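*Asks:* One structure, as C-alpha cells, below. Some questions next.
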Amino acid sequence: NAGVTQTPKFRVLKTGQSMTLLCAQDMNHEYMYWYRQDPGMGLRLIHYSVGEGTTAKGEVPDGYNVSRLKKQNFLLGLESAAPSQTSVYFCASEAGGPVDTQYFGPGTRLTVL
Amino acid sequence: AQSVTQLDSQVPVFEEAPVELRCNYSSSVSVYLFWYVQYPNQGLQLLLKYLSGSTLVKGINGFEAEFNKSQTSFHLRKPSVHISDTAEYFCAVRMKTSYDKVIFGPGTSLSVIP
C-alpha cells in the first residue's frame, strides 16, 4: 500500500515548455486534489476531482489543466510553463466526505527558468 | 467565503517548553476544523480535527487544540515540545455543507531550539 505517489519528484523546465505531473493513489479514494505551495502563502488549490471523469477549478487554475480518466490517477498539465509556476506541487486524495482526512503525496518541486 | 488566518509565520521555542500556535477563521456557515503538519521535505499529514462535541481535541504526538466558537479560533498547543516537532503547521477549515474543498491557512513554522 503506497498511499499517494507523485511523479516526478523534481523537474526543471524552460519558459514555454510543457509537462505533465502524475498523481496516483491506491486507496480507492473518490476525491483528488492538486495544490501548489509557495512561501508564506500556504497551500492553494489548483484543480480537484470528486470522481472519475470529473474535474473542477480551484483557487488558482489559470495555466493548468487536469484529467481524471482513471479513478486512481489525477494528472496535472502545464501547456506553456511560466516562471510564476515555479513552486512545489502537492497531490492529495480522500474518500470524499466533510470530515475525511486528506492524504498527501511527497510533492514535486518544479522550477521554470 | 471562508478564510483562515495564522498570525504567527514563525515560532521559535526551546525544547521542553510549551507552545501555542494560533489559528483564526472566518466563515458564514458552520465548518469543520483541522490541523495538519508538514515535516521537512514531506507532504502534509493530519494532526487532529474538530467535528463536534467537546471543544478540546487531542491529536497525535501530544498535540491538542481548543475550539472557541465565539472567538472563531482553533489554537494548537503542546505542553512540552521536542526537537522532532520542528515542522510547518497548517490550520484548515471545511464547510459542513458544500465540503468538496479544504481551505488552508498560510502556515506557521515551528522551530524547536535545543
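*Asks:* Hey, in the GNM for chain B with a 10 angstrom Cα cutoff, which one of B:Ala92, B:Ala17, B:Ala65 fluctuates hardest?
*Replies:* In this elastic network of chain B, the residue with the biggest mean-square fluctuation among B:Ala92, B:Ala17, B:Ala65 is B:Ala17.
*Asks:* Continuing with this model, one more query. Going by the alpha-carbon gyration tensor, a ≥ b ≥ c the square roots of its eigenvalues, is region A:4-106 rounded (a/c under 1.5) or, if a/c is not under 1.5, prolate (a/b greater than b/c) versus oblate? Provide the component values of the computation, followed by the final result.
*Replies:* On the way: a/c = 1.75, a/b = 1.53, b/c = 1.14.
Prolate, since a/c reaches 1.5 and a/b exceeds b/c.
*Asks:* Continuing with this model, one more query. Work out Dmax and Rg for region B:68-114 from the C-alpha atoms and quote the Rg first, both in angstrom.
*Replies:* For region B:68-114, the Cα-based Rg and Dmax read 14.0, 44 Å.
*Asks:* Take every DSSP beta bridge with both residues inside the protein assembly as shown and express the antiparallel ones as a percent of the total, to the nearest 5. The partial results should precede the final answer.
*Replies:* Numbers: 68 of 77 bridges.
Antiparallel bridges: around 90 percent, rounded to the nearest 5.
*Asks:* Still on this structure: Looking at chain A as a GNM with Cα springs under 10 Å, which of A:Gly40, A:Gly63, A:Gly77 has the largest mean-square fluctuation?
*Replies:* A:Gly40
*Asks:* Starting from region B:2-92, pick out the trypsin sites (Lys or Arg not before Pro) whose DSSP state is loop and whose Cβ has at most 15 other Cβ atoms within 10 Å.
*Replies:* Here the sparse-neighbourhood loop sites are B:Lys69.
*Asks:* I would also like to ask the following. Cross-link list A:Lys9/B:Lys49; A:Lys71/B:Lys49; A:Lys57/B:Lys101; B:Lys49/B:Lys96; B:Lys78/B:Lys101: which exceed 18 angstrom alpha carbon to alpha carbon?
*Replies:* Beyond 18 Å between Cα atoms: A:Lys9/B:Lys49; A:Lys71/B:Lys49; B:Lys78/B:Lys101.
*Asks:* Pick out, in residue order, every one of the chymotrypsin sites (Phe, Trp or Tyr not before Pro) in region B:29-114 that is DSSP loop and has at most 16 other C-beta atoms within 10 Å; say none if there are none.
*Replies:* Taking region B:29-114 and a limit of 16 other Cβ atoms within 10 Å, the loop chymotrypsin sites (Phe, Trp or Tyr not before Pro) found are B:Tyr99.
*Asks:* Based on the Cα coordinates of the protein assembly as shown, what is the per residue volume of their convex hull in Å³? Don't jump to the answer; show the numbers that get you there.
*Replies:* Details: hull volume 27.8 nm³, N = 227.
Taking only Cα atoms, the protein assembly as shown has a hull volume of 123 Å³ per residue.
*Asks:* Average partner chain C-beta neighbours within 10 Å, per residue of B:43-55? Kindly include the intermediate steps, with their values, before the conclusion.
*Replies:* Working: counts 15, 10, 4, 5, 0, 0, 3, 1, 2, 1, 0, 0, 0.
Mean shielding by partner chains, rounded to a whole number: 3.
*Asks:* Springs between alpha-carbon pairs under 10 angstrom, Gaussian network model over chain A: which of A:Met41, A:Met27, A:Met19 fluctuates most?
*Replies:* A:Met41
*Asks:* A further question on this structure: For every other residue with a beta carbon closer than 13 angstrom to the beta carbon of A:Arg109, add +1 if it is Lys or Arg and -1 if Asp or Glu, then tell me the sum.
*Replies:* +2
*Asks:* Here's something else I'd like to know. When Lys and Arg each count +1 and Asp and Glu each count -1, what net charge do the other residues less than 13 Å away from B:Ser80, Cβ to Cβ, add up to?
*Replies:* Surrounding charge for B:Ser80 is -3.
*Asks:* Just the Cα atoms of chain B: what Rg and Dmax do they give in Å?
*Replies:* Expressed in Å, the Cα Rg and Dmax of chain B come to 13.6, 44.
Only the coordinates and a few stated rules stand behind these numbers; no lab work does. Keep in mind the model is a prediction, meaning the values are calculated, not measured. No Cβ is skipped: glycine too gets one built from the backbone with ideal geometry, and neighbour counts run over all protein chains shown.
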